[in-house]
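The values are calculated or read from the model by the stated rules, or taken from the named source; none is laboratory data. These figures come from a predicted structure and were not determined experimentally. Glycine gets a Cβ as well: all are built from the backbone with ideal geometry, and neighbour counts include every protein chain shown. The protein model used for the area step is the full one, side chains on, heavy atoms only, and it has no ligands, DNA or RNA in it. Shrake-Rupley method; radii C 1.70, N 1.55, O 1.52, S 1.80 Å.
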Amino acid sequence: KTLAPALCVDLASLNHKAAQKAFRLSAFVPASEYALKGSELLDGRDKWKLNHDLAVSICTLAARACYSAGNSSRSLEMICEVVEHGTTALDTLPAQMLEAFMLGDSGDLTGAISKVKQIVRLHAGYKFPEKPSFVRVVLAVIS
């Protein structure tokens, strides 16, 4: 049975609210389930065109909740979806920072630093020197 598009959006919004509440209560598995279900309800209904803000919010929350629940692979899928479809830095930055945190948390500090540098370069336009001199590093630390 197919649900009406308006009903799907309403149900996705309710799942989003339930996911937010569960996440605030550190109930990460239910939070991830609610958020993923909400995202699924938006699929195929011009999710990123007609419901852009809800899609960004619910998919970012799903990424956070999945990671907190121990489902890193699903979290990365949601991060990729947000980054692919987000239209502004405000859309994509939280998901990208979560990805950098995940890299650092897994012990890949070089990958985490590279990801943060990429994010800063992308959103702020700052270019990091590949091999900064010792003097530049000292000046950056003391200034």
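Values for this structure:
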{"quantity": "Subset of segment 69-86 [within 11 Å of residue 102 (Cβ to Cβ) and buried (at least 17 other Cβ atoms within 10 Å of the Cβ)]", "calculated": "75, 76, 79"}
{"quantity": "Identity of the residue in segment 8-28, under 17 Å from the mean Cα position of the chain (by Cα) and among the hydrophobic types (A, V, I, L, M, F, W, C), that ends up most open to solvent (accessible area, probe 1.4 Å)", "calculated": "28"}
{"quantity": "Flag if residue 2 is hydroxyl-bearing (Ser, Thr, Tyr), more than 16 Å from the chain's Cα centre (by Cα), surrounded by fewer than 14 Cβ atoms within 10 Å (Cβ to Cβ) and part of a helix (DSSP H, G or I)", "calculated": "no"}
